[in-house]
Amino acid sequence: MNSEQLCSLVVDALNDVKAQDIVLLDVRDMTTVTDYMIIASGTSSRHVQALVDNVAEKARQAGHRPIGVEGEEGGEWVLLDLQDALVHVMLPGVREFYNLEKLWSLGAPGDRAATDR
C-alpha cells in the first residue's frame, strides 16, 4: 500500500465514524519523519478514541500495522503513527490552540500544503 492509498484509507475510516474537519497535509518536502499528516476533530474524548480505534482497525485489516499510539489516556489529542501518515485526532479546542495546519503549511511562498478532503 503506498502513501496515497493509506491516506485514502485513513480519511475513509475517519468519515465512517463522523470525524469533523478532516485535513490532509502533504509534508514530504518538510520532513523525513512522514509523508502525510491527517488532522481531524472529534466531538468528545470518547469520539476521539472511537475515531482512532476505527482508523487503526482499518489499517490493520489492510495489512498496515500502526507503529504506535500516543495520548489515549487523556483523549483530548490522540496521535496514531502509521509511518507514512501521522493521524492527529483532537478535540476542537485543542486543535485550535495548537493549530497544526498552520504550523505544517509554512512552506515556500505560494505553496499550498493543506487540502480539505
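Since every read-out is calculated from the coordinates, none of them should be taken as a lab result. Fair warning: this is a prediction, and the values are worked out from it, not measured in the lab. Because the Cβ atoms are built from the backbone with ideal geometry, glycine has one as well, and the counts that use them run over all protein chains shown.
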* Most positive-pole-ward Cα, 55, 94, 3, against dipole of region 3-116 from beta carbon charges -> 55
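What shape does region 39-104 take by its C-alpha gyration tensor, where a ≥ b ≥ c are the square roots of the eigenvalues and a/c under 1.5 counts as rounded, a/b above b/c as prolate, and the rest as oblate?
oblate
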* Tell me, what is the FRET efficiency for residue 96 and residue 5 to the nearest 0.05, using R0 = 35 angstrom and their Cβ-Cβ distance as r? -> 0.70
* Structure fact -> Kirkwood Rh for region 1-51 from C-alpha pairs, in Å, is 11.7
* Asked: How much FRET efficiency would the formula 1/(1 + (r/R0)^6) give for residue 32 and residue 53, where r is the Cβ-Cβ distance and R0 is 35 Å, rounded to 0.05?
  -> 0.80
* How do the peptides 96-103, 29-36, 50-57 rank, highest first, by the average count of neighbouring beta carbon atoms within 10 Å per residue? -> 50-57, 29-36, 96-103
* Between residue 18 and residue 61, what is the label-to-label distance in nm when each label sits 7 Å out along the Cα-to-Cβ direction? -> 1.9
* Asked: How do the peptides 8-20, 75-87 rank, highest first, by the average count of neighbouring beta carbon atoms within 10 Å per residue?
  -> 75-87, 8-20
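Length gain on complete extension for the stretch residue 45 to residue 81, per 0.36 nm per residue less the alpha carbon to alpha carbon distance? Could the numbers behind the result be given before it?
Numbers: separation 36, 0.36 × 36 = 12.96 nm, distance 1.87 nm.
So the extension gain works out to 11.1 nm.
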* In the chain, what is the volume of the convex hull around the alpha carbon atoms, normalised per residue and reported in Å³? -> 92
